[in-house]
Amino acid sequence: MITIEQLKEAKDRVDALNRYLDIDAKTIELEEEQLRTQAPGFWDDAKKAEEQMKKVKTLEKWIEGYKNVKMLVDELELAFDFYKDEMVTEEEVDTNYAQAIEAIEALELKNMLRQEEDSMACVLKINSGAGGTESQDWASMLMRMYMRYAEAQGYKVVISNLQDGDEAGIKTVTMEIEGDYAYGYLKSENGVHRLVRVSPYNAQGKRMTSFASVFVTPLVDDTIEVYVDPSKISWDLFRSGGAGGQNVNKVETGVRLRYQYKDPDTGEEEEILIENTESRKQLENRENAMRLLRSQLYDRELQKRKAAQAKIEAGKKKIEWGSQIRSYVFDDRRVKDHRTGYQTSDVNGVMDGKIDGFIKSYLMEFSGQDAD
């Protein structure tokens, strides 16, 4: 049975959310933005109208999220009082408390995602490391983990490129994960993931270490302005067969986009290579490859912003985007994040997509470093 102090703490957290989110101001802003949608000729400019509707929906979600948390805590307080009169059981009060705390923590976590890019969908790319079949199998396990996570969040996953491994697993996969704040949550996964296990592919039954890298970038839409120099683009066409099945489209025509990128600050040049085999239609693959290119260019600007901020935040713990971030040690039943120290023994749960604890601990520790 919860205590009166726990009830008070829950109420205090709701009051704090009201202040942090400035719900009163958001409510007034929502009314004003809704009025704009009723103006004559609102839909004459479809792009501008969509941006306005997106703004309205964002405000609605924040307000509804707060109202839901407030309602759950009010119901908890009522249940707490009813228990004194023996109208509800201890179990019912504790159940109400668990539901209220879960909702509070989810809204507190979302409140940490304040950067423009946090609310976007994302592109998540996994590359297997050196080590052949073992690393390729590890890459496919990570792919499944993120697909299960996305499914639990109600996100849509589209696989835009997949290359099968030589014997098992995958060499690389690019997934577009669409849903509210997909990038804000999954940016914590950017880096190298290390697996330690007794390999089923090793005849001696030795313990082996494998690596796979995960790259997460915001998936930009038409409302984000990103300059792409048409003269720097070239295309290759190729025929490719996907793995098929439920989650991966069988494809016939693939496109390979090459973009000669020159860093405006350093003058360094490099080729950005993007393959897309999502659709059977070449034109659709071209359009999607261009969207992925714009997402990469946008992400490069974000990384420059983060690097500049990191110099200011020199006294804080640094995040190295390309470094090993997490170890999955199957034999010891342990998954540990090296940036935050957060760990769990629920290895099966993690591989089934239960990575919320890692995401939360990352945001709790590092979200302030993203602030402007």
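The values are calculated or read from the model by the stated rules, or taken from the named source; none is laboratory data. What you see is a predicted model, and the numbers here were worked out from it, not measured in a lab. Every residue, glycine as well, gets a Cβ built from its backbone with ideal geometry; the counts of neighbours run over all protein chains shown.
So, A371, is that one surrounded by fewer than 17 Cβ atoms within 10 Å (Cβ to Cβ), modelled with pLDDT under 90 and within 16 Å of E117 (Cβ to Cβ) or not? Even if it seems obvious, please write down each step before you answer.
Details: surrounded by fewer than 17 Cβ atoms within 10 Å (Cβ to Cβ): yes; modelled with pLDDT under 90: yes; within 16 Å of E117 (Cβ to Cβ): yes.
Judged against the criteria, A371 is a match.
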Determine if the range 247-258 includes at least one residue that is modelled with pLDDT of 80 or more, out of contact with any Gly (no Cβ under 9 Å at 6 or more places or on another chain), loosely packed, with under 12 Cβ neighbours inside 10 Å and farther than 16 Å from K125 by Cβ. no
Spot the failing condition for E86; the list is (1) in contact with a Leu (Cβ under 9 Å, 6 or more places away or on another chain); (2) at positive phi, and only one is missed. (1)
Can you go through S210, S240 and tell me which one is modelled with pLDDT under 85, touching a strand residue (DSSP E or B) at 6+ places or on another chain (Cβ under 8 Å) and of a type in the set (S, T, Y)? S240
For the structure I just gave you, tell me whether Y201 is in the same structural domain as I126 (by TED's automatic domain parsing), assigned to a loop (DSSP other than H, G, I, E, B), more than 12 Å from S128 (Cα to Cα) and aromatic (F, W, Y). yes
Would you mind stating whether K67 is without any contact (Cβ under 8 Å) to a residue 12 or more places away in the chain, on the phi < 0 side of the Ramachandran plot and assigned to a helix (DSSP H, G or I)? yes
Looking at this structure, is M53 surrounded by 13 or more Cβ atoms within 10 Å (Cβ to Cβ), free of Cβ contacts under 8 Å to residues at least 24 places away in the same chain, out of contact with any helix residue (DSSP H, G or I) (no Cβ under 7 Å at 6 or more places or on another chain) and on the phi < 0 side of the Ramachandran plot? yes
Just to be sure, is S188 under 11 Å from the mean Cα position of the chain (by Cα), among the polar types (S, T, N, Q) and closer than 19 Å to R326 by Cβ? yes
Does the range 40-48 contain at least one residue that is assigned to a helix (DSSP H, G or I), surrounded by 11 or more Cβ atoms within 10 Å (Cβ to Cβ) and in contact (Cβ under 8 Å) with a residue 12 or more places away in the chain? no
If you go through the range 334-358, how many residues are crowded, with 16+ Cβ neighbours inside 10 Å, at pLDDT 95 or above and either assigned to a helix (DSSP H, G or I) or at positive phi (or both)? 5
